[in-house]
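Participant: What follows is a structure written as structure tokens; I'll ask about it next.
The numbers here are math on the coordinates, done by the rules we state, and not lab data. Computed from a prediction, not measured in an experiment: that's the story for all the values here.
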């Protein structure tokens, strides 16, 4: 049973493997250029483990930002993780000793894979989610260490391969759309974030989007539940 | 370079990130999940995935050449292939190859 789940987790995380390798290598390269070598890349990917935040972190380190600024920036960039936690509370219930790590490792990409897992059996589901979490972080750490070591000496042109991350999210979106009885939440998320992007610009739209989504979904609670 | 500063900054980033990830679990803990949170847990994944797609495409400039055509076509291919075959890996490989090709010829 375990072997089959590990195999499934490996196959399911392949898109993350390609995406994390590219983004991780990119991170390692930029960090190295800013004077922080392979040990720092390893440490950040091991302890922080949040892609976009680590990129932002390079700029904070380079600018010697004050620690309160560092804390506030992290809070703003990563606030969306609150949402992931809320939707995994029930799914991760009773996961035991594996649970703290599964929560720690809940990145965008891991979330996209574990939030719609097909395992009905609780034990199998928890083991699968744990494997996905662990494999994804291994890819990320490996990528950033490689990037730091190789520097910009990579022989091939990988421009555009980071689109695999977008593609992963799109497939999950489509998968959810097909299986959902009610499309209101998806439409709400799409419209709210697109409108916020136009109003607040690409650097500041995430938090207004989350607030808008929360408000709209709360107001629609009765409507959504009646439709089910 | 000040190693102590870098280390403390990294620890702060790690702590805040972990705090955000653990917060919902700590607050809701072992109590029975309230109906409202259970509702959010059910509907949020749909809304959040849409937000993540927008987040990935936030840097696309639709007002200047090539008007995000590479992204639009590639996303449509991912959607089309996925509706057709329901195979995640296939959809991602085709969509990404298409994107890598398009940004080189556009």
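Participant: How far, in degrees from 0 to 90, does helix A:51-62 lean away from the longest principal axis of the Cα atoms of chain A, to the nearest 10?
Facilitator: So the helix axis and the longest Cα principal axis differ by about 40 degrees.
Participant: If you don't mind, another one. Using the Cα atoms of the stretch B:34-96, I'd like the radius of gyration and the largest Cα-Cα distance, Dmax, both in angstrom.
Facilitator: Considering the stretch B:34-96 through its Cα atoms, Rg and Dmax are 15.4, 49 Å.
Participant: Using helices alone, what [θ] at 222 nm do you get for chain B, with -39,500 (n - 2.57) per DSSP H run of 4 or more residues, divided over all residues and rounded to the nearest 500?
Facilitator: Working: 4 runs with 83 residues, N = 106.
One gets -27000 deg cm²/dmol as the mean residue ellipticity at 222 nm.
Participant: Something else: Specify the angular offset, from 0 to 90 degrees and rounded to the nearest 10, of the alpha carbon long axis of helix A:14-33 from the longest principal axis of the alpha carbons in chain A.
Facilitator: 40
Participant: Can you pull the Kirkwood radius for chain B, inverse mean 1/r over Cα pairs, to one decimal in Å?
Facilitator: Numbers: mean 1/r = 0.0558 Å⁻¹.
For chain B, inverting the mean 1/r across all distinct Cα pairs yields 17.9 Å.
Participant: Per DSSP H run of n ≥ 4, the term is -39500 (n - 2.57); total these for chain A, divide by its residue number, and report the mean residue ellipticity at 222 nm rounded to 500 deg cm²/dmol. Don't skip to the answer; put the middle values down first.
Facilitator: Values: 13 runs with 170 residues, N = 228.
Value at 222 nm, helices only: -23500 deg cm²/dmol.
Participant: Still on this structure, please answer the following. Test of understanding: express the Cα radius of gyration of the stretch A:86-198 as a ratio to 2.2 N^0.38 Å, with N the residue count. Let's see the in-between values first.
Facilitator: Values: Rg = 17.2 Å, N = 113, 2.2 N^0.38 = 13.3 Å.
Rounded to two decimals, the normalised Rg is 1.30.
Participant: So what's the angle, to the nearest 10 degrees on a 0 to 90 scale, between helix A:122-150 and the longest Cα principal axis of chain A?
Facilitator: 30
Participant: Hey, another quick one. Whole number please: convex hull volume per residue, Cα atoms of chain A, in Å³.
Facilitator: Working: hull volume 34.2 nm³, N = 228.
Per-residue hull volume (Cα only) is 150 Å³.
Participant: I've got another one for you. How high is the relative contact order of chain B, in percent, with contacts defined as C-alpha pairs under 8 Å that are six or more residues apart?
Facilitator: On the way: 31 pairs, mean separation 17.2, N = 106.
The value is 16 percent.
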